[in-house]
1. Taking a virtual spin label 7 Å from the Cα of residue 498 along the C-beta vector, which residues in the stretch 515-549 bring their backbone nitrogen under 14 Å of it?
2. Could you grab the relative contact order for the stretch 499-592? Cα pairs under 8 Å, six or more apart, rounded to a whole percent.
3. I need the peptides 153-164, 186-197 ranked by packing, meaning the mean over residues of other C-beta atoms within 10 angstrom, with the highest value on top.
4. Wrap a convex hull around the Cα atoms of the stretch 306-493, take a quarter of its surface area, and give that in square nanometres.
5. Over the chain, calculate the relative contact order: mean separation of alpha carbon pairs under 8 Å at least 6 apart, over the residue count, as a percent.
6. For the cross-link pairs 74/118; 74/439; 230/439; 359/502; 180/230, which exceed 26 Å when the distance is taken from alpha carbon to alpha carbon?
7. Which lysines have a Cα lying under 18 Å from the Cα of residue 500, excluding residues fewer than 8 positions away in the same chain?
8. If you split all Cα-Cα distances of the stretch 180-219 into 5 Å bins from zero, what percentages do you get per bin, shortest first?
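A short reminder: the numbers here are calculations on the coordinates, not readings from a lab. Keep in mind it's a predicted model, so treat the numbers as computed, not measured. Cβ placement follows ideal geometry from the backbone for every residue including glycine, while neighbour counts extend to all protein chains displayed.
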Amino acid sequence: MLNRVDTPSQSGNSANRGSIDAEVPKFSVIDYDGPVRREAGKLLSVVRNGGSVLTDRDVWTDANIETLVERFVKQPDASGESFFTKLDGQLEGADDDVRILFAEIFLLQMLPITQFRKETKVRNINRVLRDAKGAYEIPPEILEAFDFPVFNGGTAYGVRRYFQLSMLIQFVRYLRTLSKEELDAAFAEPLVWRELVRNAPGTPEPSLRGSLVYMGHPEYFFPIVAEWHKQEIVDAFYPEVTNRQPTGDFDIDLAALRDWLTSDRGITPDFYNGPLALYWREDEEDEDGDEGEVIIDDEDVAEYTIQSIVEDGAFHGAEDLRAIVERWAATRNVVLQGAPGTGKSWLAKRLAFALIGRKLKDAVRTVQFHPGTSYEDFVRGWRPGGDGQLTLVDGPLLQHAERARDYPDIPHVMIIEEFNRGNPAQALGEMLTLLERTKRNEEDALELIYMLEDEEAFWLPENLYIIGTMNTADRSLALVDFALRRRFAFFEIEPQLNEKWKGHLSARFRTEPRRHINEAAQRVNDMNRRIASDRTLGPSFQIGHSYFSAEKEASEFQPWFRSVVQTSVAPQLAEYWHDDPDTVNEITGQLLAEF
């Protein structure tokens, strides 16, 4: 265990190390976290050494962990139902020990947080173990810990439950790959443990990782999972109250405050209430959390997943859609490109919801580029106010970035429609650099073109995701330069006149023989092959399935199909072969032939 907070590799300026020489203020203490500390220690012990807190068997085996990786982590969309309904399918036929292991990982997630009431935590554990054949029991010590939660982790604990539990499964699997020496160091030294938690694989989940950091060394780390709360506390006490400059590491500075206030590491000063709260908070209404108190009682809150997109009517396959989301999670920036009418805009919003895990509309913002879109429109620029004076106004990108920064556990998505209709490099400016995944940190911050007085350099938060849609068939649109392409992953969205599309039309036109719909698909596919093979056109000029996805007003198949060809498809073909009307007439005639 570290006895000092001035670990050389972590503490920054050596002049800042050592005890604080200032008058100690009055403070209250957190006197209810003992049960959580105790049970967290037990849980992390079985995570490392094996065993169980719910049975007398060893459920924390490599084989059981691998089973959860295969059944839960790698199968996020076993059905489009609620969390527990999907979990039933994912764990169907699994041994009792696998179910108990999942329940204990769930327990690790829920243990310290206030969002779930005691009865909800108990109900969740029992729901996981509903089909277990053997005996198990929630010990009274854990029930006591449920009575004394210590912090509010924010809305992510309800919104991103699948992602958090997946990250925990990957975390415990990662621990099993470490040597005894590495584990000994992490369980002995708080800052080593913190780095282990931060570097473990899985989605970011900052509040959950902050919870793990706290539970690993509650004698050192405070039960504070919001980084901006840590920053505000440090800013309030350093240097004005402590007469010492901060080190630049919030946890080290908070630990120094703990040592300054009390020499007993078993006592945790309370920065959310009483005298200490007055130093950094305007009021004491929001006592425990980083996003306000959110009580979650419904264990079957509906998620939004890849399967949800399919059920909403996507003609693209689930595996293709999952590949986009997984790559997006890694790069933070993707572009859906392709022919007109392939559903790029429709997909973009639903992919955003699947990335988030819920339909959180406030976390998704959509803009459209056009030839006149400028940096001043999209990022920041001067605008006339009502008093006739110019005011520096943040554009939608900076506005959404700040909202994302306020809710770090929730992915926030900026959808840019018609990404190449304007000049992307001009509209982005220095954001072109800051969009890069490796630049999403304070160390790589840049000064903006237009700066407010005393404003610091800017960087984009990790949880801001960009998705653009791009029509590659319009020759009048701007080309995307190599610097921008390097920062985005590009996915070609192709026409999908497949069995799902045919099923959609059959459901719309119930009296139409299926052979007519099959024939229509064949004709459109033949047309697209003709377009794709033309050396002056190519695959990006195909006609997408959205042209042929019937509206509610359509009542009869053949009149509707002919109308689409005559009013939408034929004019498009005339643009493609503007100097070859015979080809246009030939293809149009094939489409309009009698069924």
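1. Within reach of a label on residue 498: 545.
2. 26
3. Ranking, from highest mean packing down: 153-164, 186-197.
4. The Cα convex hull of the stretch 306-493, projected and averaged over all directions, gives 11.5 nm².
5. With pairs under 8 Å counted, the relative contact order is 14 percent.
6. 74/118; 74/439; 359/502; 180/230
7. 344, 552
8. 6, 27, 33, 22, 11, 2
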